[in-house]
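Trainee: What follows is a structure written as structure tokens; I'll ask about it next.
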Amino acid sequence: MKNEQIKVKCVGMDEEGKGIVKIKGKEVHVPYLIDGETAVVEVTEKRNFISAKVVRIQEKSKDRVIPKCKYFNQCGGCQLQHLSYEAQGNFKQNSILKLMKKYKKVNEILTMKDPYFYRNKVHAAVAYDKKGDIVSGIYEENTHHVTAVKECIIQHKPADEITESIRELMKSFKLKPYNEDTGQGFLRHVLVKTGFVSKQVMVVLVVSSQVFPGKNNFVNELLKKHPEITTVVMNVNNRKTSVVLGETEKVLFGKGYIEDTLCGCIFQISPKSFYQINPIQTEVLYNKAIDMAKLTSNEIVLDAYCGIGTISLIVSHKAKNVIGVELNKDAVKDAIKNAKRNKINNVHFYNEDAGKFMVELAKKKQSIDTVFMDPPRSGSDEKFLSSLVHLEPKKIIYISCNPITQERDLRYLTKHGYSVEEIQPVDMFPQTYHVETVCLMSRV
Ligand code: SAH
């Protein structure tokens, strides 16, 4: 079967929001198809693997809307713009209900009032297009090809304008975009981070070499066009890698970081430090997590995978002591400065692998009452979890941006003395299939 068009009926949706259909007795996942719809799809079969894409929808779902973004089908950054926002919420709720079925403790998802322009961090890869024009946008999946994206409806708007000015300035300064295949060229990526409350804007120019001809004039021209920029950093990445940021950094203008306020605390954010990308929903998430902990000011709290110390500092007012642990050294430096900045002195930060750190705490028989943990997408590891259950905190509040690894870790914890009390999904990433969950566990 090659490039054949057939009619299919969608019988469900997978966790990435793709429609599930049956073709030749096999389950096939089709992007941009909604449960209940019938459609004509084009089928490709390669080495026994069947894929299909929508040619036309025949019977439309009531949940289908016209995507607001003109790049929706090429870009891949969002997967759900063809679903109404209400239906996106239902889709996320149902996938968490299905995954966490056995716990019977899932609350209604907390969605966003205005689910657009929420991202405070914008990444754009820079390249030549086929005509030789400089474009910026995102890499198409598994390729070195950049899809030009001039405006994005989930990103903070000024970032698009700044990126556009950088493209124009590159022409007048004769700076070439980097080519991932040949390793030639200069500018690789533009990263813009914005403090929604402080209105501070950081531009990071990721370049392939220390030698930046005309850098002072370049920065001056950029600042003239965008007086809202408060700092510009050059990050040198001369490796052939898909990792965006390199090791070496040089501040070209301003302080080299931005600040922002979350739940009443001020945070300093460096180019490489992790900071939640949707600050409005982060407050919703943190408030829920802190509420679950029911702290009484007497607890010793551990904040594992603490980033720049956001949760640690926000809960410090309700705890006796807080210990934060984080692997990224820049984030830990930020966290220590953030504690000073907010005049908080009952928090201590450690720059270590969380698993290794937990093993040491368990050896020392450190007393811990409440643990907040917020690991990366890969979830936690057995080293961490086994020491965690050894420490026997009364409560564990597990925040996750990947419910699949969270569910795996919940299975471990529920086998080792904990019960799931409450699971709260939060929509941190509208228009995409991603969903954040916070889970309260207590010792049985
Ligand atoms: N709680 C923070 C950060 C969560 S993101 C917030 O809400 O902002 C996850 C964090 O885990 C990142 O900062 C990442 O650098 C860190 N991390 C990843 N692997 C780690 C490990 N093995 N040990 C400790 N921290 C780790």
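The values are calculated or read from the model by the stated rules, or taken from the named source; none is laboratory data. Keep in mind that this is a model prediction, so the values were computed, not measured. Backbone-built Cβ (ideal geometry, glycine too); neighbour counts: all protein chains shown. Surface areas here come from the heavy atoms of the whole protein model, side chains and all, with no ligands, DNA or RNA. Shrake-Rupley method; radii C 1.70, N 1.55, O 1.52, S 1.80 Å.
Trainee: Radius of gyration and Dmax for segment 2-64's Cα atoms, expressed in Å?
Mentor: Answer for segment 2-64, Rg first and Dmax second: 10.8, 36 Å.
Trainee: Turning to a different aspect of this structure: For D334, what charge total do you get from the other residues with a beta carbon under 13 Å from its beta carbon, if Lys and Arg give +1 and Asp and Glu give -1?
Mentor: Cβ neighbours under 13 Å give a net charge of +4.
Trainee: State in Å² the accessible area per residue of segment 174-237; use a 1.4 Å probe, count heavy atoms of protein chains only, and round to the nearest integer.
Mentor: 41
Trainee: Let me ask you something else. Quote the relative contact order of the chain in percent (integer), defining contacts as alpha-carbon pairs under 8 Å separated by 6+ residues.
Mentor: After rounding, I find 12 percent.
Trainee: Bin by bin, in steps of 5 Å, what percent of the Cα pairs in segment 367-426 do you find, going until the bin that has the longest distance?
Mentor: Using 5 Å bins, I get a P(r) of 4, 18, 32, 30, 13, 3, 0 for segment 367-426.
Trainee: Now for a separate question. In segment 72-149, which GluC sites (Glu not before Pro) are in a loop and have at most 16 other Cβ atoms within 10 Å, using DSSP for the loop call?
Mentor: E108, E140, E141
Trainee: While we're here: So for segment 73-163, what percent of the C-alpha to C-alpha distances run longer than 19 Å?
Mentor: Of all Cα-Cα pairs in segment 73-163, 55 percent lie more than 19 Å apart.
Trainee: Which residues does the label zone of S442 cover in segment 285-309, counting backbone N under 17 Å from a point 7 Å along Cα→Cβ?
Mentor: 289-300
Trainee: Calculate, in nm to one decimal, what K329 and N220 gain on full extension: separation in residues at 0.36 nm each, minus their alpha carbon distance.
Mentor: 36.2 nm
Trainee: I want to make sure I understand the PRE zone here: with the label point 7 angstrom from the Cα of N142 toward its beta carbon, which residues in segment 219-243 have backbone N atoms less than 14 Å away?
Mentor: Hits in segment 219-243 for N142 at 14 Å: none.
Trainee: Mind jotting down the distance between the C-alpha centroids of segment 213-246 and segment 122-154, whole Å?
Mentor: Comparing the Cα centres of segment 122-154 and segment 213-246, I get a distance of 17 Å.
Trainee: OK, next. What's the local net charge at S208, with K and R +1, D and E -1, over the other residues with C-beta under 12 Å away?
Mentor: +3
Trainee: I would also like to ask the following. For segment 306-330 and segment 1-54, what is the separation of their C-alpha centers, rounded to whole Å?
Mentor: So the separation of the two Cα centres works out to 46 Å.
Trainee: Report the one residue of T147, N217, G185 whose Cα lies farthest in the direction of the positive end of the charge dipole of the chain (charges on C-beta: Lys and Arg +1, Asp and Glu -1; origin at the Cα centre).
Mentor: Highest projection toward the positive end goes to G185.
Trainee: With both bridge residues required to lie in segment 121-262, what share of the DSSP beta bridges run antiparallel, to the nearest 5%?
Mentor: 75
Trainee: Give me the one-decimal nm value for the distance between modelled label points at R239 and T38, 7 Å along each residue's Cα-to-Cβ direction.
Mentor: Between R239 and T38, the simple spin-label model gives 5.3 nm.
Trainee: Using a probe of 1.4 angstrom, how much of the accessible area of segment 121-262 is carbon and sulfur, in percent?
Mentor: 50
Trainee: Between K105 and T405, what FRET efficiency comes out of the Förster formula 1/(1 + (r/R0)^6) with R0 = 22 Å and r the beta carbon distance, rounded to 0.05?
Mentor: Taking R0 as 22 Å, the efficiency between T405 and K105 is 0.75.
Trainee: State the extension gain, in nm to one decimal, for the chain segment bounded by E86 and K131, taking 0.36 nm per residue of separation less the distance between their alpha-carbons.
Mentor: Stretched out fully, the E86 to K131 stretch lengthens by 12.1 nm.
Trainee: Out of every Cα pair in segment 121-262, what percent are spaced more than 21 Å from each other?
Mentor: Summing the P(r) of segment 121-262 above 21 Å gives 38 percent of all pairs.
Trainee: Ignoring any ligand, DNA or RNA, what whole percent of the accessible area of segment 378-444 comes from carbon and sulfur when the probe is 1.4 angstrom?
Mentor: 52
Trainee: Then there's this: Accessible area per residue of segment 259-332 at 1.4 Å probe, in Å²?
Mentor: The answer is 32 Å² per residue.
Trainee: Within segment 262-276, name every residue whose backbone N is under 15 Å away from a label modeled 7 Å from Cα of V251 along the Cβ vector.
Mentor: Residues 268-273 qualify, since their backbone N sits under 15 Å from the label point.
Trainee: Let me see the P(r) profile for the chain: every Cα-Cα distance counted, bins of 20 Å, each bin given as a percent of all pairs.
Mentor: Binned Cα distances yield the sequence 23, 51, 25, 0.
Trainee: To continue, here is another question. Name the residue, out of K60, K320, K131, whose mean-square fluctuation peaks in a Gaussian network model built on the chain with Cα pairs under 10 Å.
Mentor: Of the options given, K131 has the highest mean-square fluctuation.
Trainee: If you bin every alpha carbon distance in segment 339-397 into 5 Å steps from zero, what whole percent lands in each bin?
Mentor: Result returned by the calculation: 4, 16, 24, 27, 15, 10, 4, 0.
Trainee: To continue, here is another question. Please give the contour-minus-distance gain from S297 to Q210: 0.36 nm per residue of separation, less the Cα-Cα distance, rounded to one decimal in nm.
Mentor: Length difference between fully extended and current span is 26.4 nm.
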